[in-house]
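Inspection log for the structure reproduced underneath, given as structure tokens.
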Amino acid sequence: QDQQRIRNFSIIAHIDHGKTTLSDRLLEVTGTISSRERRDQLLDGLDLEREKGITIKAKAVRMAYRANDGETYELNLIDCPGHVDFTYEVSRALAACEGAILVVDAAQGIEAQTLANVYLALEHDLTIVPVLNKIDLPGAEPKMVAQEIEDVLGMPKEEVLHTSAKAGIGITEILEAIVERMPPPKGQRDQPLRALIFDSHYDAYKGVIAYVRVLDGVLTSGARILLMGTQVEADTLELGAFRPGMTPLPELGPGEVGYIATGLKSVVDCQVGDTVTLASRPAAMPMEGYRPAKPMVFAGLYPVESNAYIDLREALEKLKLNDAALAYQPETSAALGFGFRCGFLGLLHMEIVRERLEREYNLELLITAPSVEYQVLLTDGEVVTVDNPSDMPEVVRIASIEEPVMQISVFTPTRYIGTIMDLVTNKRGAFETMDYLDPQRVLLKYKIPLAEVVIDFYDQLKSRTQGYASLDYSLAGYQEADLVKLDILVNGTPVDALSLIAHRDFAFANGRTLVEKLRKLIPRQMFEVPIQAAIGNKIVARETVKAMRKDVLSKCYGGDITRKRKLLEKQKEGKKRMKMVGSVEIPQEAFMAILSLN
Ligand code: GTP
């Protein structure tokens, strides 16, 4: 394929601004899919993605488009995820493109994620085609938002296209803009092969399928390839392009986007961001920007039925084949028994993994409150990383603790500045900058501990601003903080899975709130159950779950049997997500109570 007639692009947008709808329209107008297929929203492959209304995994589709100049162009649409948990995947998808369509909802305007993705696109020198979507909405203000795009992003408002992906308005104009405004790729055919992996998935028959963008050189079917980051070699069992189904091709040349079936057994060997080259004639240098997936948030996963441990292990093994960012290792909890400590990119990733384990593998799981990874400097000079509060060394052995700190950007109408400042202060955040986009909207930047972002920050931000504020974040580094471990004792026994790390200034208040919550969450037992919060040996709060007055079944004695059975079933239902800890039953909610301490 002549590179002059190739265009590689992505669509960047804030969640719900219409990326998926627009992608489907482009596929439909170019005849890549029929309009019936469009309704199935091809690009959102995973069921969960569709249900949650978010795009998680980047995919690629090749379209053929006959432009007004009479030439037929090969357009490769590389879909990139829209959630902050997946910023690294976004950056790799963008690295595979020359251009990006920026979709902005004409009724909503620019949001935090929009801006974050535009910056990423600019970092990769992409040509951006701004598009106002949803101009059919009665609340649309295309003039105002086009002005905003000019003011904030510096793109002339005359270049902003107006579309309705839903109604199919302005779609051809977008295709023409892709051809006219975006540059073709500039690869060298005679150079050693370098292809960027921007996504991958595991296929039971063909092994790992790597989604690649060729930069230089040519890959032919059957060639032996080398993955430069992981130093793994593999055979090219098949290669081709997605149109939209997998369509085999004899070769992928410079500038082309497609797939390689590698036969590899796990996506861990074939990671996003790695460079593919030929084993027989390797490139001198891999592409920049490769970064092995790094989990940021950790939680314990335990089967509710302890005999399901092996099933859980097998399920995690299988999920991991397809998810390089998922980390896990066996963990034993005095309270919960055998389980796994799992690492995730963020809370959304954690939610997705849990749901898949439960739905696809039929497991009933108990999950502990998420934690971050602390760097603990011991008095003897050793540094240990701790991602489970119950593993925190004894106070006397600790010289200092550092925690991960995020840089966050919040976009908000100005009327909410006060409440956001208040929220951030409560979360130990530090103000950095405030920029007015226009008289009504500002961009606020803060540094804030990840541990605080993980705990209900997003929900609170949304509820305090009626959903108007949007959030983006990235890791800014590690920072020392005065942290202590807060232990929870149930019936006099410390429950390791309920321990948490808190800032010293907030630990007392957290302890009090937590035991109060637990009192309400832990059901009454046959005996009185004290619930205590402790820092070291010092009890800082106490509540009591009163004993059950009577056996609930006693009132059924002599009564009819169906009523009794119903009651038993109801009890069983209630027991579903319970774990016996010592002689006390603790429900799932108790382990998550930490997530809503305010
Ligand atoms: P994520 O996958 O979460 O990133 O969302 P998205 O950006 O892909 O948005 P999606 O295409 O799923 O659209 C979000 C909602 O907006 C859906 O209910 C669409 O039907 C609707 N929508 C998309 N485009 C238009 C449009 O042009 N006009 C109107 N009125 N609604 C639209």
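The values are calculated or read from the model by the stated rules, or taken from the named source; none is laboratory data. Owing to the predicted nature of the structure, the values given are computational and were not obtained by experimental measurement. Cβ placement follows ideal geometry from the backbone for every residue including glycine, while neighbour counts extend to all protein chains displayed.
As an exercise: evaluate Thr230 against (1) in contact with a Leu (Cβ under 7 Å, 6 or more places away or on another chain); (2) in a loop (DSSP other than H, G, I, E, B); (3) of a type in the set (Ser, Thr, Tyr) and give the number of the one condition it does not meet.
(1)
Within the range 176-190, can you find the residues that are under 16 Å from Ile11 (Cβ atoms) and either within 16 Å of the ligand (Cβ to nearest atom) or touching a Ser or Thr at 6+ places or on another chain (Cβ under 7 Å) (or both)?
Arg181, Met182
Filter the range 488-502 down to the residues that are in contact (Cβ under 8 Å) with a residue 40 or more places away in the chain and surrounded by 17 or more Cβ atoms within 10 Å (Cβ to Cβ) and list them by number.
Ile488, Leu489, Val490, Asn491, Val495, Asp496, Ala497, Leu498, Ser499, Leu500, Ile501
Is it the case that Leu363 is in a helix (DSSP H, G or I) and either crowded, with 16+ Cβ neighbours inside 10 Å or not hydrophobic (A, V, I, L, M, F, W, C) (or both)?
Answer is no for this residue.
Among Gly273, Gly263, Gly289, which is touching a Leu at 6+ places or on another chain (Cβ under 8 Å), surrounded by fewer than 19 Cβ atoms within 10 Å (Cβ to Cβ) and not in a strand (DSSP E or B)?
Gly263
For the range 1-60, which fully contained helices (runs of 4 or more DSSP H) count at least 2 residues that are crowded, with 16+ Cβ neighbours inside 10 Å, within 9 Å of the ligand (Cβ to nearest atom) and at pLDDT below 80?
By residue number, 47-52.
Scanning for something under 25 Å from Glu373 (Cβ atoms), β-branched (Val, Ile, Thr) and touching a residue at least 60 places away in the same chain (Cβ under 8 Å), does the range 520-539 turn up at least one residue? Walk me through it before giving the result.
Taking the range 520-539 as the starting set, the residues that turn out to be under 25 Å from Glu373 (Cβ atoms) are 533-536.
From what is left, the residues that are β-branched (Val, Ile, Thr) are 535.
Subsequent filtering for residues that are touching a residue at least 60 places away in the same chain (Cβ under 8 Å) retains none.
No, because not a single residue in the range 520-539 is under 25 Å from Glu373 (Cβ atoms), β-branched (Val, Ile, Thr) and touching a residue at least 60 places away in the same chain (Cβ under 8 Å).
Residues in the range 302-317 that are among the hydrophobic types (A, V, I, L, M, F, W, C) and not in a helix (DSSP H, G or I): how many?
1
If only one of Ala541, Ala509 is over 24 Å from Ser306 (Cα atoms), in contact with a Gly (Cβ under 6 Å, 6 or more places away or on another chain) and at pLDDT 65 or above, which one is it?
None of the others qualify; the one that does is Ala541.
I'd like to check which helices (runs of 4 or more DSSP H) are fully inside the range 106-182 and have at least 1 residues that are without any contact (Cβ under 8 Å) to a residue 24 or more places away in the chain and more than 18 Å from Val29 (Cα to Cα).
Counting at least 1 such residues, we get 112-123, 142-148.
With the checklist (1) in a helix (DSSP H, G or I); (2) buried (at least 22 other Cβ atoms within 10 Å of the Cβ); (3) of a type in the set (A, V, I, L, M, F, W, C); (4) away from the ligand (no atom under 16 Å from the Cβ) in hand, flag the one item Leu75 doesn't pass.
Status for Leu75: all satisfied but (1).
Take the residues in the range 438-461 that are within 19 Å of the chain's Cα centre (by Cα) and acidic (Asp, Glu); name whichever of them is modelled with the highest pLDDT.
Filtering the range 438-461 for residues that are within 19 Å of the chain's Cα centre (by Cα) and acidic (Asp, Glu), the one modelled with the highest pLDDT comes out as Glu452.
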